[in-house]
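Enquirer: Here it is: the structure, laid out below.
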Amino acid sequence: MSEYRFAAPPRPELTEPAINSPDHYTVGGIEAIDYMMAKSTADEFRGYLRLSVLKYLSRAGHKDAELQEYKKAAVFLNWLINYMETGFIRPEK
């Protein structure tokens, strides 16, 4: 009998402009997500990230390209995980 082990996949490094930090999100010198984090309580911001994951998963295949929606969901999920682990959405900040 084969032994199966589950290993979580590495967090994707998404560099596609439509997925990660589109130019229109940084108009005004600050990325919108950073401003939202600064103006929200921790609970509000975690809820926003979680609901954004659900939004992108729910609309996959119905709005933009299906794979693009899954990648967007992955970005928000990674941000949520990083925020819960470190207090920041990006490990380097």
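Enquirer: Exactly which trypsin sites (Lys or Arg not before Pro) in region 26-89 are in a DSSP loop and have at most 15 other Cβ atoms within 10 Å?
Expert: 63
Enquirer: Separate question: Just flag the chymotrypsin sites (Phe, Trp or Tyr not before Pro) in region 55-93 sitting in loop per DSSP whose Cβ has no more than 16 other Cβ atoms within 10 Å.
Expert: Qualifying residues, ordered by number: 88.
Only the coordinates and a few stated rules stand behind these numbers; no lab work does. Treat the numbers as computed from the prediction; the structure is a model and nothing was measured. Cβ coordinates were reconstructed from backbone atoms using ideal geometry, including for glycine residues, and neighbour counts include every protein chain displayed.
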